[in-house]
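Heads up: the structure comes next, in structure tokens.
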């Protein structure tokens with residue numbers, strides 16, 4: 001399975017949501033890196049394909065905080081991840097059903 005990363009769309013959304021500043025409270029440095037709250041492990045890629053690289057799992061950080069132990073405060077509980085994944089599955093199904101997005105099976 002290929003390693004996944006945040007899309008340009010997700011990164012831009014995080015930049016905007018955080019006003020381009022590091023997500024650590026009180027930090028005035030600009031975003032340089034994007035951190036997965038739930039790590040981007042292959043097992044998690046298989047279990048949580050929708051959640052893993054969504055904005056729900058992303059926080060923008062300055063390089064200093066991304067390399068520090070500060071990032072551990074952003075870790076997320078697996079039970080909550082399961083709730084988000086299920087929610088994302090339901091939203092995706094609704095969008096397919098309404099024709100907002102095309103199913104991979106229907107693409108030529």
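The values are calculated or read from the model by the stated rules, or taken from the named source; none is laboratory data. On a predicted model such as this, the values are computed, not experimentally measured, just so you know. Cβ sites come from the backbone with ideal geometry, for glycine too, and all protein chains shown count toward neighbours.
Couple of notes before you dig in:
- Tally, over the stretch 21-38, of residues that are out of contact with any helix residue (DSSP H, G or I) (no Cβ under 7 Å at 6 or more places or on another chain) and surrounded by 12 or more Cβ atoms within 10 Å (Cβ to Cβ): 3
- All positions within the stretch 49-69 that are in contact with a helix residue (DSSP H, G or I) (Cβ under 6 Å, 6 or more places away or on another chain), more than 10 Å from residue 10 (Cα to Cα) and surrounded by fewer than 21 Cβ atoms within 10 Å (Cβ to Cβ): 50
- Only one of the numbered conditions (1) at pLDDT 95 or above; (2) in a loop (DSSP other than H, G, I, E, B) is violated by residue 4, and that is (1).
- Residues that are under 16 Å from residue 32 (Cβ atoms) and out of contact with any strand residue (DSSP E or B) (no Cβ under 7 Å at 6 or more places or on another chain), drawn from the stretch 49-84: 64, 65, 67, 68, 70
- Residues of the stretch 17-34 satisfying the condition of being touching a strand residue (DSSP E or B) at 6+ places or on another chain (Cβ under 6 Å) and either farther than 10 Å from residue 62 by Cα or outside any strand (DSSP E or B) (or both): 18, 20, 22, 23, 31
- Scanning the stretch 64-81 for residues that are touching a residue at least 24 places away in the same chain (Cβ under 8 Å) and over 12 Å from residue 24 (Cβ atoms) yields 75, 76, 78, 81.
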